[in-house]
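The values are calculated or read from the model by the stated rules, or taken from the named source; none is laboratory data. This one's a predicted model, so the numbers in the text were calculated from it and none came from an experiment. Every residue, glycine as well, gets a Cβ built from its backbone with ideal geometry; the counts of neighbours run over all protein chains shown.
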Amino acid sequence: MTLDKNFDPAAIEARWYEHWESKGLFRPERKDAEPYTIVNPPPNVTGSLHIGHALDNTLQDIIIRHERLKGKDALWVVGMDHAGIATQMVVERQMNERQQKRTDFTREEFVEKVWEWKEESGGTITKQLRRLGCSMDWSNERFTMDEGMNEAVLKVFVDLYNDGLIYRDKRLVNWDPALKTAISDLEVETTDIKGSFWHFKYPLADGATLDDGRDYIEIATTRPETMLADMAVAVHPSDDRYKSVIGKEIEQPITGRRFKIVADEHADPELGSGAVKITPGHDFNDFEVGKRAGIAAGDMLNMLDGEANVCQTSDGLVPEEYIGLHRFKKDGIAGVRELVVQQLKELGLLIPHVTKNKDGEEVEHDAEPRTIATPFGDRGGVVIEPWLTDQWYVDAETLAQPAIKAVRDGDIEIVPKTWEKTWFNWMENIQPWCVSRQLWWGHRIPAWYGPDGEIFVAEFEEEAIGQALEHYAIDNPEDFPGLSRDTDVLDTWFSSALWPFATLGWPIDDAPTPANDADVSSKTLERHYPNDLLISGFDILFFWDARMAMQGIQFMKDVPWKRLYLHGLVRAEDGSKMSKSKGNVVDPLGLIDEYGADALRFFMAAMESQGRDIKMDDKRVEGYRNFATKLWNASRFCETNGIGASKTLSAPEATLPVNRWIISEVVETQQALDKALTGLRFDAAANTIYHFTWDRFCDWYLELIKPVLQGDDDGTADETRLVAGWVLDQIIVMLHPFMPFITEELWHSMGERNYDLIVAKWPAPKAEIDAEAKGEIDWLIKLVSEVRSTKVELNIPPGTKMAAHVPDGDNALQDKIARHAAALDRVGRLEAVSFDPAPDGASAQLVVDDATYVLPLAGAIDIDAEKARLTKALEGVSKEAKSLEGRLGNANFVEKAKPEAAEKARADLADKTTESERLQAALDRLG
RNA sequence: GGGCGUAUAGCUCAGUGGUAGAGCACUUCGUUGACAUCGAAGGGGUCGGGAGUUCAACUCUCUCUACGCCCACCA
């Protein structure tokens, strides 16, 4: 077949992907090969491919394709996340459009509808990952709510419960009033918003007064609405202003509730008045103060319902007009906050904030303006309410310890290393993980409650009932009224934390029996756990990575992965974060349409340097599209010159220096590439193959072999065809992890193949670096470059053929020149080289290594231009020589520097001196 | 309040204890049958400021400045 003039990515991408997938080439059977494993961060079933996925998955695909080419049993596990909140929101939103709501259905009906949605509309992203060229093992695609995962989740929950690592507790949680569920600390995003700081008088009860005679305590708050559940006022124990009233009571003006003034270190004398109101049921700090003051969690007052509307407190003291009011102003109706402020103001208990206007007059305001760090739910987008409820917690502190140790001992290597500190810092200060969610979509918590609230945790209801019968000492099950199951589901991250082992067959083969010994899955788990590497964005370090480490070590007694690579964010062109609201989101599929998947992938790799975010740059993607075209055209050249697929894996025998040289260059490139990939330096890897292909292979090698290919066939042309074909093959293989589509296409275009490129062999040239050939071609390149730049500077048309005289050329040089006569003619436009002295008359002179080349010029030469050129060259060389001289003249340098450094300086100086002498001589000849 | 990161050519970024590199942009030239999605040759940087260590610092240490991110209970 003949290659078209231009490379059209769209014409081949889908075809090759389909080919690979249908032939099962993403997971070729390699039972005896060394395993290599990565698991893909399961994207949300609701998700579609964004630019961050493109980066994350490109990097993983590069690694897995590289390992596959190296012959490993490379497994890239893929699947989707059921994404509890996100998915439930999508389905509920659709219901809203049809004037329906979740509660119109039974739980079972609703969940059924979510499954229907999942089957029809979910998983868009899996098609999009295919467009990117990602070679994951789709034949075993998983879902966090598939049968195996369900089993794993149940077992993990039950085991953790039995080990005391999961427990039910009544404490404050982050409550999202929009979604009506508890969320974890990590799902809370703190944002600074402009708010108000109010100052109020809290009257002392029973006629008590402060030492200064005031009959009230001043308290300040940003959240006056919580006053309806105030249960104390705290002052610092050493604060002299309030010592006398500690233990005395306050009468809350709105509720009439009486409560104590307590001493607590939490109160900061420097802040506000030094006295702070305490609402244990609605503030995390106050909860702790309340507990210290002897208020049990069960006695703490709650004044809000799940939607953050006011409800009656257990002491019944909330005035009727407040009941049902929203916490904030809503739909134009004043909320509790506004009403409380208004009422206290009417009672004369508001202490105004006084400022001076520009005329120096005092002006009173209700409140002091203040920036308040406010918690928002990351999904629901509304202000989070600390709320007192019963929830399930994971004892993260205990689970974190071995995960800390694993990183400290090097069992997990975090790349880049700077993230270790973040890991330790978070793990060492970890809080209990609230894992229960008041949703319907997700893994339902395997806990049942007896009539008296007794908890029974088991994988199945029958087991729970069994436990209950035993617990209540009931002999006849028919006498037992039954258990009610916990209605909550688990945090989505609870299941995805099990991904590295649950996707490999756990827990089915947790305890191998003769029956399942032959089961592949048990070997799968054994072979592929721990995973070799995890690649993830740092944004899910805590959400996912850390939890995988905790659960993996707990249940598998080993780390989930040996290395953890964290990459940054892809930012918009101006460096800002991409977001839908800003409208600056770049669609990776659009880039694929425009430039091809290969170009986008190469861009991602080339831009991925450790520890830095990537800024989007379309021009650069375009540049890599051009690179693909360049390779395409180089292949066309080969094709039309009888260069095709190599028959050998190792480098062909070569005699010509140019062939020996390019083979050496392949060896060096392959070594540099392997080193970069092993070190997860994607940028270095991409640049290595890019420059080898374009600069070495296309710009020099192909140019230098043109005369050989066209010359008389003395065997050198055949040798060159073999070498060129082999080198092109090596390029195609080495580039494949980065640009899978174009390389697979070229692989087949260049000749008959016994296998597809995706499962080809990574280069192992078995060739030494040929220093002699390298030195010779380096000289040739230098000479040709010198000739070219000389012409430009002397305004000689580049196509002009010239002759050169090398009067001081020794035998070795003469031989060298003779060997490359054809290339010098064709590439350097030096048609004749003589070793006789140059004739008198105008000439250009150039110095390469230790010889001077005199190029006689027909007609007038611009003496001044030639002088300027030589002078400039001389200046450069002398400057370097001078600096080297200075260094060598410094006794300290000679004594203290490393011997190699001094040695090199001496050698460099000798070279520079020769060169400058020659340039000076050339200059002198010009007169 | 802690922690981290980044400041290198007009732009986006690599980089090494021995006087700096890439891509794009820019300038000049080029239709020699692979490629104008190209080729050739160039211009352009006191490597954020200051101090220190060293024979030598863009590279190590400290400090300052600017920007960014993460964590944290300041009512």
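Among the numbered conditions (1) of a type in the set (Val, Ile, Thr); (2) at pLDDT 95 or above; (3) farther than 25 Å from A:Leu59 by Cβ, tell me where A:Thr716 comes up short.
(2)
List the strands (runs of 3 or more DSSP E) that sit entirely inside the stretch A:789-850 and contain at least 2 residues that are under 16 Å from A:Leu870 (Cα atoms). Steps first, please.
Numbers: elements: A:802-805, A:830-834, A:843-848.
Strands (runs of 3 or more DSSP E) meeting the threshold: A:843-848.
Only one of these conditions is not met by A:Leu600: (1) within 12 Å of RNA strand B (Cβ to nearest atom); (2) crowded, with 22+ Cβ neighbours inside 10 Å; (3) part of a helix (DSSP H, G or I). Which number is it?
Only one criterion in (1) within 12 Å of RNA strand B (Cβ to nearest atom); (2) crowded, with 22+ Cβ neighbours inside 10 Å; (3) part of a helix (DSSP H, G or I) is unmet by A:Leu600, namely (1).
Is there any pair linking a residue in the stretch A:545-570 that is more than 12 Å from A:Leu533 (Cβ to Cβ) to one that is among the charged types (D, E, K, R) and not in a loop (DSSP other than H, G, I, E, B), with Cβ under 6 Å and at least six apart or on different chains, and which?
As it stands, the answer is none, since no pair meets every condition given.
Tell me, yes or no, whether the stretch A:767-782 has at least one residue that is without any contact (Cβ under 8 Å) to a residue 40 or more places away in the chain, away from RNA strand B (no atom under 15 Å from the Cβ) and within 30 Å of A:Gly623 (Cα to Cα).
No, the stretch A:767-782 has no match at all.
Any residue in the stretch A:861-889 that is in contact (Cβ under 8 Å) with a residue 12 or more places away in the chain sitting within a Cβ distance under 9 Å of a residue that is among the aromatic types (Phe, Trp, Tyr) and near RNA strand B (Cβ under 9 Å from one of its atoms)? List the pairs, counting only those 6 or more apart or interchain.
From residues that are in contact (Cβ under 8 Å) with a residue 12 or more places away in the chain, the pairs are A:Arg887/A:Phe893.
Being more than 16 Å from RNA strand B (Cβ to nearest atom) and closer than 30 Å to A:Arg547 by Cβ: is that true of A:Asp305 here?
Details: more than 16 Å from RNA strand B (Cβ to nearest atom): yes; closer than 30 Å to A:Arg547 by Cβ: no.
For A:Asp305, the condition - more than 16 Å from RNA strand B (Cβ to nearest atom) and closer than 30 Å to A:Arg547 by Cβ - is not met.
Among (1) surrounded by fewer than 19 Cβ atoms within 10 Å (Cβ to Cβ); (2) in contact with a Gly (Cβ under 7 Å, 6 or more places away or on another chain), where does A:Glu112 come up short?
(2)
Of everything in the stretch A:249-300, what is of a type in the set (A, V, I, L, M) and either under 42 Å from the mean Cα position of the chain (by Cα) or within 16 Å of RNA strand B (Cβ to nearest atom) (or both)? Give them in sequence order.
Pass one, the stretch A:249-300, residues of a type in the set (A, V, I, L, M): A:250, A:254, A:261-263, A:267, A:271, A:275-276, A:278, A:289, A:293, A:295-297, A:300.
Once the filter is applied, which keeps residues that are of a type in the set (A, V, I, L, M) and either under 42 Å from the mean Cα position of the chain (by Cα) or within 16 Å of RNA strand B (Cβ to nearest atom) (or both), the stretch A:249-300 yields A:Ile250, A:Ile261, A:Val262, A:Ala263, A:Ala267, A:Leu271, A:Ala275, A:Val276, A:Ile278, A:Val289, A:Ala293, A:Ala297.
Got a sec? Which of A:Ser883, A:Ser878, A:Ser916 is within 11 Å of RNA strand B (Cβ to nearest atom), at pLDDT 85 or above, more than 48 Å from the chain's Cα centre (by Cα) and of a type in the set (S, T, N, Q)? Reasoning before the result, please.
Numbers: A:Ser883 fails: more than 48 Å from the chain's Cα centre (by Cα); A:Ser916 fails: within 11 Å of RNA strand B (Cβ to nearest atom).
From the options A:Ser883, A:Ser878, A:Ser916, the qualifying one is A:Ser878.
Can you name the residue in the stretch A:535-572 that is away from RNA strand B (no atom under 11 Å from the Cβ) and part of a loop (DSSP other than H, G, I, E, B) and is also surrounded by the most Cβ atoms within 10 Å (Cβ to Cβ) among such residues?
Selected residue: A:Pro560.
Restricting the first residue to the stretch A:903-927 and requiring it to be in contact (Cβ under 8 Å) with a residue 12 or more places away in the chain, which pairs with a second residue that is of a type in the set (Lys, Arg) meet a Cβ separation below 7 Å and a spacing of at least six or different chains?
A:Ala905/A:Arg887; A:Leu923/A:Lys867; A:Leu926/A:Lys867
Return the residue satisfying two criteria in turn: it lies in the stretch A:1-16 and is closer than 11 Å to A:Glu745 by Cα and in a helix (DSSP H, G or I), and of such residues it is nearest to RNA strand B (Cβ to nearest atom).
Looking at the filtered set, the residue picked out is A:Pro9.
Looking only at residues in the stretch A:887-899 that are of a type outside the set (A, V, I, L, M, F, W, C) and more than 8 Å from RNA strand B (Cβ to nearest atom), which one is nearest to A:Ser916 (Cα to Cα)?
For the stretch A:887-899, the residue satisfying everything is A:Gly889.
Might you let me know whether the stretch A:212-228 holds any residue that is at negative phi, in contact with a Leu (Cβ under 6 Å, 6 or more places away or on another chain) and surrounded by fewer than 14 Cβ atoms within 10 Å (Cβ to Cβ)?
Yes.
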